[in-house]
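One structure below.
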């Protein structure tokens, strides 16, 4: 409790009335809330060699710090992050990458927790990359997958990394593919990528995984209502979750309906006809059959050459995607563009300039500077 200082009249009264039972001290001024002698220890910046050595040794702390470096929007971190990725690349590529998607409420996190524990018991090392949707208003994410997957979060053979979608296409984390490389270099031989389950995230995840698994629930009305054909055609396996208690019959009925729908689609390029499974993440039933189906699919695509051809196609796709991202970033970081873009935007808002003319005006400035720098 802070005391106020006594004024001149109170002091004069006290000086002349020494025998008063009331004795008032001057007190002290309000103390600062934060200890002025406290100094926050600045974390030592690791060198590229330390990052790479730590990742290859399977050090989870250093792996997490390296992923944070990759996800950083700070331009000063970019060069070191790319060097780390390049040096880890020869040690990557030896894992099974599985994308897991599903409608909201399908129990993706619960399913991953249940099957993840089983996969780890089979002497696999599992990395779970969970994409958390970022708020369109604040840009923040909850990043609560470690809380939801409590039973496996303490398992030393399982690494869980929630990442914000950060407003990128379809809610897919901007650096997920680079994170996969680091996790593989750290010795994780099974990678789960959990999508947000909305928008176009499925398309982006499909372009970085070996197998695409789609989770569905039964008993929600017409089982095929609202299921987009494009997403179903991407699925290499479909799993009906929550097949327990009174829901078992509904799950089996949904399985028949989905299996029939999948047979109407043309044979996928992989030469594998997708199968439908039922399971209960709570009762731990059907999980072994699901994982056996995963192994059968992987054996099939490795035998017919699709596995390698698919990875080569994905590498090509991400080369062009990286070019697009780099060009976009370079455009907005250009000093002349940064100086003019607000003015051009305001003219568009004031209806003095069309969107297309505005874009052309900015691009002319950008390419004009680029050509000028080339001439020099």
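Each value in this text was obtained by applying a stated rule to the coordinates, not by laboratory testing. What you see is a predicted model, and the numbers here were worked out from it, not measured in a lab. Cβ coordinates were reconstructed from backbone atoms using ideal geometry, including for glycine residues, and neighbour counts include every protein chain displayed.
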| message | At 0.36 nm per residue, and after removing the present C-alpha to C-alpha distance, how many nm does the segment from residue 295 to residue 332 gain when stretched out fully? | response | 8.8 nm
| request: Extending each Cα 7 Å along its Cβ direction at residue 347 and residue 73, get the distance between those two points in nm, one decimal. | output: 2.7
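For residue 282 and residue 56 in one chain, what is 0.36 nm times their gap in residues minus the Cα-Cα distance, to one decimal in nm?
Working: separation 226, 0.36 × 226 = 81.36 nm, distance 3.51 nm.
Result: 77.8 nm gained on full extension.
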| message | Sort 47-59, 100-112 by the packing proxy (mean of other Cβ within 10 Å over each peptide's residues), most packed first. | response | 100-112, 47-59
